[in-house]
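Asks: Have a look at the structure that comes next, please.
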């Protein structure tokens with residue numbers, strides 16, 4: 001299958017790549033996309049020079065012999081695939097010209113009461129490979145999942161969920177998956193995020209992100225320890241699935257060799273794919289009066305503007321995440337240098353991670 005850039009990303013969000021980025025994005029992640037048109041239908045688009053056979057599987061590593069044929073010798077670069085959200089569907093595209101198979105799935109899980117729960121699969125990685133689907137997930141908090149949502153997430157086969165939230169957030173909005181999937185977290189107070197500003201609440205932005213390499217170092221070690229164990233699919237999350245989770249995602253994708261431009265584009269997806277209404281239960285006045293973190297979130301809930309995801313850019317248009325990555329480059333030379341010094345992720349570990357999580 002010819003590796004050709006598609007300007008459309010999963011779930012209907014369109015991000016046009018600049019000519020300068022085009023050579024980096026001629027990768028498998030961009031020549032096939034899948035998005036859900038309704039509860040029972042996936043729309044799959046790709047580019048190829050010849051006919052393609054379309055198959056449906058319930059595992060990303062399923063051989064063609066175990067997948068169900070959907071369509072033969074398709075030349076249009078488009079297919080409608082009848083597939084419910086559970087069990088999670090994976091579409092396999094076999095190029096008849098060379099027999100090569102490309103796997104594609106929905107970027108975001110279609111949860112009814114979840115926020116920002118998405119798969120890192122399909123992104124370009126080192127040595128012309130791509131990140132494997134179905135192994136690494138990022139998300140917002142999960143305190144209000146519906147029973148069907150819980151079943152969908154359980155069906156992912158997650159071995160670990162790493163909660164990047166503070167003690168207060170986890171207490172105010174406990175996940176509905178507790179007791180069903182192994183949970184990991186680093187104990188800390190959310191007020192520690194404000195300690196560098198004399199205890200005052202710092203507005204989100206590049207200045208706060210520049211503190212992430214230091215403030216989130218214990219969480220980075222935890223997540224990479226779990227990844228290095230290669231025990232199976234992993235999920236990590238914060239409250240909105242954009243800031244702490246976005247920083248962690250940038251480190252993981254960097255370690256796997258994903259170009260930084262693609263990492264920043266994935267980060268920007270968080271604005272469109274967030275659902276703040278499902279990230280925190282309503283906080284009552286009594287709780288807000290006795291807990292400063294509860295009061296902070298209650299203020300968000302009372303502010304109509306905060307019901308809509310906010311752009312993750314400083315006034316000059318620069319993404320918040322870029323500031324965190326600049327801080328790493330300045331202090332450590334590279335993400336790999338940071339991971340080595342702060343999280344104990346050696347060059348040999350990087351090679352092993354790429355072997356396990358890319359194809």
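Coordinate-derived values only; no laboratory data. In this text, all values refer to a predicted model and were calculated from it rather than measured experimentally. Because the Cβ atoms are built from the backbone with ideal geometry, glycine has one as well, and the counts that use them run over all protein chains shown.
Asks: Using only helices, what value at 222 nm comes out for the chain when you add -39,500 (n - 2.57) per DSSP H run of length 4 or more and divide by the total residues, to the nearest 500 deg cm²/dmol? Can you show the working numbers first?
Replies: Values: 12 runs with 112 residues, N = 359.
That calculation yields -9000 deg cm²/dmol at 222 nm.
Asks: Please list 54-60, 117-123 highest first by mean number of surrounding beta-carbon atoms within 10 Å per residue. Mind showing how you got there, number by number?
Replies: Values: 54-60: 19.1, 117-123: 24.3.
Output ranking for 54-60, 117-123: 117-123, 54-60.
Asks: Hey, another quick one. Taking Cα atoms, how many degrees apart are the long axis of helix 244-256 and the longest axis of the chain, rounded to 10 and kept between 0 and 90?
Replies: It is inclined by approximately 40 degrees.
Asks: Just to verify a number: FRET efficiency for residue 284 and residue 182, C-beta to C-beta distance, R0 = 35 Å, to 0.05?
Replies: Here the calculated transfer efficiency is 0.65.
Asks: Something else now. Using Cα pairs closer than 8 Å and at least 6 residues apart in sequence, work out the relative contact order for the chain, in percent. Write out the running numbers ahead of the final one.
Replies: Numbers: 690 pairs, mean separation 57.6, N = 359.
Normalised by residue count, the contact order of the chain is 16 percent.
Asks: Express in whole angstrom the spacing between the alpha-carbon centres of the range 46-120 and the range 305-359.
Replies: 29
Asks: Sorted by mean Cβ packing within 10 Å, highest first, what order do the peptides 208-219, 305-316 take? Let's see the in-between values first.
Replies: On the way: 208-219: 19.3, 305-316: 12.3.
In descending order of packing, they fall as 208-219, 305-316.
Asks: Using packing as a proxy for protection, rank 172-178, 296-302, 141-147 so that the peptide with the highest average count of other Cβ atoms within 10 Å comes first.
Replies: Numbers: 172-178: 18.6, 296-302: 16.7, 141-147: 20.6.
With the highest mean Cβ count within 10 Å placed first, the list reads 141-147, 172-178, 296-302.
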